[in-house]
Amino acid sequence: MKPIAHLIELTESGMHCREGGFFVDPWRPVERAVVTHAHFDHTRLGCGSYLATPETALLMKARLGPDLHVRTLRYGEEIDANGVRLSLHPAGHILGSAQVRLERNGEVWVVTGDFKRAADPTCAHFAPLRCHGLVTESTFGLPVFRWPTADAVTTEISDWWRRNAAEGRPSLLLAYSLGKAQRILAGVDASIGPIFTHGAIEPMTRVYREAGISLPPTRAVAAATGRRELAGALVLAPPAAEGSAWTGSLAKASRAFASGWMQIRGNRRRRALDRGFVLSDHADWSALLQTVAESRAERVWITHGYAEELARFFKEKGLAAEALRAGQMAEEADA
Ligand SMILES: [Zn+2]
Ligand SMILES: [Zn+2]
């Protein structure tokens with residue numbers, strides 16, 4: 001077997017395609033950046049130019065400023081970058097999220113970016129791709145992480161909200177502001193009561209609606225005038241907002257967190273939460289294995305989370321797998 005050409009190399013600024021002259025989700029400002037999705041750990045400010053899906057471009061502008069120049073590429077559309085054919089394909093992670101497919105002289109590399117394979121009505125479903133070299137994430141790359149179905153989890157969330165509403169208590173649900181919050185909105189039973197969202201969530205939700213994703217009506221929690229208004233409400237807020245002043249009006253609220261990390265029991269207790277809902281926008285263990293198998297990749301590079309562990313697992317199976325230097329990777333905040 002002839003050694004495969006490396007279309008991606010790891011540099012101090014992140015994943016670099018030297019032939020194509022661009023970086024994928026760079027860690028430092030670079031001339032040309034291809035951005036897989038709009039989470040902060042994947043979007044570096046100060047790059048000369050950006051290439052992303054139209055939905056990611058809208059989200060980036062909503063987060064980083066309307067003047068940001070982003071060239072857009074639809075899923076499946078192809079461009080030529082110095083002889084490297086580049087295309088973006090659904091990653092199923094959040095609205096607009098993409099895998100990056102590179103092809104040169106018949107050699108194909110794919111960078112998954114963050115991805116999941118579970119159902120999510122708020123974004124395009126993950127597209128399996130064949131390649132010679134695969135760069136995959138492994139945020140939850142341990143066998144302990146196996147997700148229940150999203151339907152089962154959103155039903156649990158609705159049941160929890162309904163019970164609290166019947167007691168006149170607000171339901172404060174902590175969830176990441178981009179992706180997770182909107183996925184919850186799309187899944188809950190909005191007939192239970194009003195839904196309020198934190199100021200970090202509302203602008204992201206607006207972009208989802210502009211992109212044609214159907215979500216129930218929401219109001220800014222800052223506009224809620226008093227305790228009575230919030231009594232039977234669902235209030236969505238990012239985890240960072242926990243304990244801030246405005247949660248004071250929610251002193252009596254039942255508090256919950258929706259995250260893949262809730263699969264680890266101690267996490268709920270440590271954060272003094274009433275409930276933990278296991279809902280992740282990342283692939284679980286079996287989805288990671290399925291994705292690597294379906295890619296038929298001869299070489300697998302692993303980033304984020306449990307990269308060393310997942311690389312060891314694949315190496316024992318005889319696959320050329322390697323953990324990318326995790327210390328350099330921006331740590332994940334959107335699990
Ligand atoms: Zn992400
Ligand atoms: Zn990420």
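Laboratory data are not the source of any read-out in this text; all were calculated from the coordinates shown. In this text the structure is predicted, and so the values were computed from the model without any measurement. So basically every Cβ, Gly included, is an ideal-geometry build from the backbone, and we count neighbours across all protein chains shown.
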Can you give the Kirkwood hydrodynamic radius for the range 150-277, in Å, rounded to one decimal and based on Cα pairs?
14.5 Å
Each label sits 7 Å from Cα toward the beta-carbon; between residue 222 and residue 155 the label points are separated, in nm, by 3.8 nm
Within the set 61/252; 116/252; 180/315; 116/315, which residue pairs have Cα atoms separated by over 30 Å?
61/252; 116/252; 180/315
Enumerate the amide H contacts of residue 108 below 5 Å, restricted to partners 5 or more residues apart or on another chain; note that Pro and chain-start residues carry no placed amide H.
132, 133
Residue separation times 0.36 nm, minus the C-alpha to C-alpha distance between residue 72 and residue 270: what's the value?
67.0 nm
Show me, for the range 49-58, the HN-Hα J-couplings you get by feeding each phi into the Karplus relation (A = 6.51, B = -1.76, C = 1.60, θ = phi - 60°), rounded to Hz, glycine and proline as x.
8, 10, 10, 7, 5, x, 5, 4, 4, 4
Rel. contact order, % - alpha carbon contacts under 8 angstrom, at least six apart, the chain:
17 percent
³J(HN,Hα) computed for each position of the range 156-171 - Karplus, 6.51 cos²θ - 1.76 cosθ + 1.60, integer Hz, glycine/proline x:
4, 5, 4, 4, 4, 4, 4, 5, 4, 4, 4, 8, x, 9, x, 10
For a quick size check, give me the Cα extents of the chain along its three principal axes, largest first, whole Å.
68, 46, 30
